[in-house]
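See structure below.
The values are calculated or read from the model by the stated rules, or taken from the named source; none is laboratory data. Not measured: the values here are computed from a predicted model. Don't worry about glycine lacking a Cβ; one is built from the backbone with ideal geometry, like all the others, and counts go over all protein chains shown.
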Amino acid sequence: MKMTPLVILFGAPLVLLGVIVANLGMPHYVFRPAPSANAVPYTALQLRGRQIYVQNGCVYCHSQDTRPMDWGVGSGEAAEPGDYAYDSPHLVGSERNGPDLMREGGYHSDDWHRAHFEDPRYVRPQSFMPSFRYIQGADLTALIAYVQCLGGRRGQKRAQEQAQRKGVLIVYYKKGPALNVSSLNSSFPQQWLTMPNPVPPTPGSIDRGRTVYSAYCEGCHGVYGDGRGDAKPYLNPPPMDFTLLQATGANPQVQRPGYHYDYAKNKVSVLNNGAIYYAVLYGIPGSAMPAFKGQLESEKIWDVGNYIGRSFMGWKTQPYSGHYDELARSAPVISPKTVLVASR
Amino acid sequence: MTPEQEPPKTLWIDRQDSAALHGLISGSIWFVIGTTIGLIMSHELTLPDLFAGIPQLVFSRLRPAHVNMMLFGFLSTTFFGAWYFLVPRLCATNLRTERFANLLLLCWNMAVLGGTIALLMGDTQGKEYSEYPWYIDWPIEVLLICNIGIIYGTIARRTQPKMYVSLWYIGGTVLWIAMIYAIGNVLWHPFTTTLPDGQVQYSGSLIGLDDAMWNWFYGHNVFGLYITTGGIGIVYYLVPKMVKQPVYSHLMSLIGFWAIVLLYAPTGQHHLLQAPLPNWIKVYAIIGSVGLVVPVFSQSTNIFMTMRGCWGQVTNNIPLRFVITGAFFYLAVSIQGSIQSLMVVNRFVHFSQWTVGHAHLALLGGFGFISTGAMYYIIPRIVGRPLWSQNLADTQYWLMLFGITGFFWALTAAGLAQASAWVSTGEQVFRAVDVVKPYFYLRSWFGTMIWVGGWLQLYNLYQTVRRRKEILVIESAT
């Protein structure tokens, strides 16, 4: 074949043009998915937030493409072609330095996002996401509105649920720790409150629990379990102060009274291990407490409960005597009903 | 061959080969700036609060600035410079015209600078590789079209009737990139508008998954039909010239040229194998990606067979060593690319740091090394003096070779660790965050070696161009 300038000038673009017709032109006209049942057009505020998301390059670390095999928020809700119907530009993404955000809406509260944008390590001590503290005011509101609308109708429903429950939680928080814990307990299914602890608070369990606590809990609940983590100023209701529960000697397993033990003044309903397990597993919607069910295995959740109980609420350690079945044998259940509540 | 004594009145932009020099020096400067940005980004992954609260230095704004600067700053200007040197020689005529080419490069550099500033200020189209906003895209498209004029204007006045392989590649590349750039940046839709049905269409974008498909068609072809073909054209010139042997096979050159445009062009959607696209589009992309072994192997075989009997020269010929190393990396990264486009591999490594390693192996390991080889071959010939220091270039070679190799393996290991966590053990992405941190430190250290290499290259070229006579030549220039 003799290569002349004309062969290249016309031949090379012609081959490319043929491929463009087959590779872009055909799908452009053939593949026109209708909006899926879950897809919702963006509101003006959400579009403004989306623009901030684009401007700050969030897409380089956060894909929006939930795959059938993914574990994470929205697992089981794999992306459908029609889910992208209102997206321009597309934000499918090519990399996951951070979680996929396609179904993120409603999995965290607005307050959590506020603290997280200020500095991700406030709520996620392990994170290496940059701080976006320069996004403030109306821009921040818009960005949070966009993040909360991800996940389409289902995501927005979750976000609404979070917003609705927030008011109730604040009311109970203001009534003091006793009523707060009691109302939380009453919102948990009964079987969790009477669930025997399958992982007794042995020294090993408490040690493991400390690792989990420092990686997942410390940002909000603080190193000392007093709810004064870095994120506290951004969260309403604020994170639970476990030491208040210690001060009242709320745990009947503890034979001796707590530091401020005074029945007349500080009667608090108990936060038992089953309740902690439930709260860690599913989160507390309306507060900044997210669900950790996809991130922590069962034993780790019991472990972190044991650590919180032992370190901040005065529970006793249960020595491990070396029996195989001891790990499966439960410690005595602490029933929330056994403790008087101030208001009753 | 070299312009010895120009008439003193000639403007610098009219001097012979001034455009080539301009392009190659611009490339080495962009490389230093681009690697500096890359180094900052790398440190931000290990020290996330390094520049906390400064919007222009946040990781996610630096990333498009880094990627686009390497693509349109470093590699583009180097290639333009090399083409402006090769094409007149292959056509046995002058560049048409030297002044036009210089002005084009000047405008091009301004566009890259302007685009970088726009991205750092948060003005972006938000799609990978087409981030530059429309007011940068349009000038770049105009410059790409002008570049066609320069290359074909020179070819039209050729006195050498035979079209050498390099000319096919360069002639094809300048046409392809002008077509692809317009498609990828949706140039006909510059402004963000609201359509009649209330749908908002963003600047430089289409809507829905269609936008993703067009984006990745461009996103992969900007490498496939611009950087790859442009770079291969340079390799086809430099290697036979340096080893003084003809190209091994004309037939293989032909196969490589026509197969690459036929098979590279449809590969873009292999970036979307995990997205809900129709399977026939994915299959088309995979066929193209695997079929790429045809042009890649024919090009590589052709180059390496040209080297037969001359392999010993890589020990003392620095530019040849850079080019051949680049050609090897190109072969390696192409094989890796074909393999990772297979569905079963892709579902494992997609979204992980593996991809980042792959991209760096292609652009830095492959065409970055070829660019350095081109600079070290061409610039001494333009200024008529040997390279200032062979030893410095040797140091740079080993620094960059260790740098890119370590960098690649650190990211590949990080990607495999992430992928095992996500896919094999079903961890959420956040659980794999701690897994990759050690590799990020490794990436910073190896990246520093590349960054130092970039400075050595710039200093070496600066001294070569500036020093007039009193240079001490230890080794003879090749």
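Among residues of the stretch A:266-300 being in contact with a Leu (Cβ under 6 Å, 6 or more places away or on another chain) and modelled with pLDDT of 90 or more, the one that is surrounded by the most Cβ atoms within 10 Å (Cβ to Cβ) is A:288. Filtering the stretch B:15-40 to residues that are within 14 Å of chain A (Cβ to nearest Cβ) and surrounded by fewer than 22 Cβ atoms within 10 Å (Cβ to Cβ) leaves B:37, B:40. The set of residues in the stretch B:301-340 that are β-branched (Val, Ile, Thr), within 19 Å of the chain's Cα centre (by Cα) and surrounded by fewer than 21 Cβ atoms within 10 Å (Cβ to Cβ) contains only B:335. On the basis of being in contact (Cβ under 8 Å) with a residue 12 or more places away in the chain, away from every other protein chain (no Cβ under 14 Å) and closer than 13 Å to residue B:234 by Cβ, does residue B:370 make the cut? Taking the combined requirement at face value, the residue satisfies it. Among the residues of the stretch B:122-139, those identified as part of a helix (DSSP H, G or I) and either free of Cβ contacts under 8 Å to residues at least 40 places away in the same chain or surrounded by fewer than 23 Cβ atoms within 10 Å (Cβ to Cβ) (or both) are B:134, B:135, B:136, B:138, B:139. When A:90, A:113 are checked against the criterion of being assigned to a helix (DSSP H, G or I) and either within 8 Å of chain B (Cβ to nearest Cβ) or surrounded by fewer than 22 Cβ atoms within 10 Å (Cβ to Cβ) (or both), A:113 stands alone in meeting it. Residues in the stretch B:420-438 that are surrounded by fewer than 21 Cβ atoms within 10 Å (Cβ to Cβ) and touching a residue at least 24 places away in the same chain (Cβ under 8 Å): B:423, B:437. Of all residue pairs spaced 6 or more apart or on separate chains, those with beta-carbon atoms under 6 Å, a first member in the stretch B:49-63 that is more than 16 Å from residue A:120 (Cβ to Cβ) and more than 7 Å from chain A (Cβ to nearest Cβ) and a second member that is modelled with pLDDT under 95 and surrounded by 18 or more Cβ atoms within 10 Å (Cβ to Cβ) are B:57/B:51.
Given B:59, B:74, which one is surrounded by 22 or more Cβ atoms within 10 Å (Cβ to Cβ) and within 20 Å of the chain's Cα centre (by Cα)?
B:74
Say whether the condition of being under 23 Å from residue B:22 (Cβ atoms), touching a helix residue (DSSP H, G or I) at 6+ places or on another chain (Cβ under 9 Å) and either hydroxyl-bearing (Ser, Thr, Tyr) or not in a loop (DSSP other than H, G, I, E, B) (or both) is met by at least one residue in the stretch B:186-204. No, every residue in the stretch B:186-204 fails to be under 23 Å from residue B:22 (Cβ atoms), touching a helix residue (DSSP H, G or I) at 6+ places or on another chain (Cβ under 9 Å) and either hydroxyl-bearing (Ser, Thr, Tyr) or not in a loop (DSSP other than H, G, I, E, B) (or both). Whenever a residue of the stretch A:2-21 is under 13 Å from residue B:164 (Cα atoms) and facing chain B (nearest Cβ under 8 Å), its partners that are part of a helix (DSSP H, G or I) and hydroxyl-bearing (Ser, Thr, Tyr), lying with C-beta atoms within less than 8 angstrom and at least six residues away or across chains, give the pairs A:5/B:152.
Being at the interface with chain B (Cβ under 8 Å from one of its Cβ atoms) and touching a Lys or Arg at 6+ places or on another chain (Cβ under 8 Å) is the filter here, so list the residues in the stretch A:56-66 that pass it.
The answer is A:56, A:57, A:60, A:61, A:63.
Looking only at the stretch B:95-110, filter to residues that are more than 13 Å from residue B:151 (Cβ to Cβ) and more than 23 Å from the chain's Cα centre (by Cα); which one of those is surrounded by the fewest Cβ atoms within 10 Å (Cβ to Cβ)? Among those residues, the one meeting the criterion is B:99.
Note on the stretch A:23-46: among residues that are surrounded by fewer than 17 Cβ atoms within 10 Å (Cβ to Cβ) and within 7 Å of chain B (Cβ to nearest Cβ), the one that is nearest to residue B:177 (Cα to Cα) is A:28.
Go over the candidates B:231, B:204 one by one and state the one that is closer than 29 Å to residue B:276 by Cβ and among the small types (Gly, Ala, Ser).
B:204
Determine if the stretch B:288-299 includes at least one residue that is crowded, with 17+ Cβ neighbours inside 10 Å, within 17 Å of residue A:21 (Cβ to Cβ), at the interface with another protein chain (Cβ under 9 Å from one of its Cβ atoms) and not polar (S, T, N, Q). So far as the stretch B:288-299 goes, yes, one or more of its residues are crowded, with 17+ Cβ neighbours inside 10 Å, within 17 Å of residue A:21 (Cβ to Cβ), at the interface with another protein chain (Cβ under 9 Å from one of its Cβ atoms) and not polar (S, T, N, Q). Among the residues of the stretch A:196-226, just one is on the phi > 0 side of the Ramachandran plot and either out of contact with any Ser or Thr (no Cβ under 8 Å at 6 or more places or on another chain) or aromatic (Phe, Trp, Tyr) (or both), namely A:222.
Checking residue A:49 against (1) more than 36 Å from the chain's Cα centre (by Cα); (2) more than 10 Å from every other protein chain (Cβ to nearest Cβ), which test does it fail? Against the list (1) more than 36 Å from the chain's Cα centre (by Cα); (2) more than 10 Å from every other protein chain (Cβ to nearest Cβ), residue A:49 comes up short only on (1).
Regarding the stretch B:252-259, can at least one residue be identified that is more than 13 Å from chain A (Cβ to nearest Cβ) and assigned to a helix (DSSP H, G or I)?
First, the residues of the stretch B:252-259 that are more than 13 Å from chain A (Cβ to nearest Cβ): none.
No, the conditions are met nowhere in the stretch B:252-259.
Taken over the stretch A:68-87, the criterion of being surrounded by 21 or more Cβ atoms within 10 Å (Cβ to Cβ), at the interface with chain B (Cβ under 7 Å from one of its Cβ atoms) and not in a loop (DSSP other than H, G, I, E, B) is satisfied by A:84 alone.
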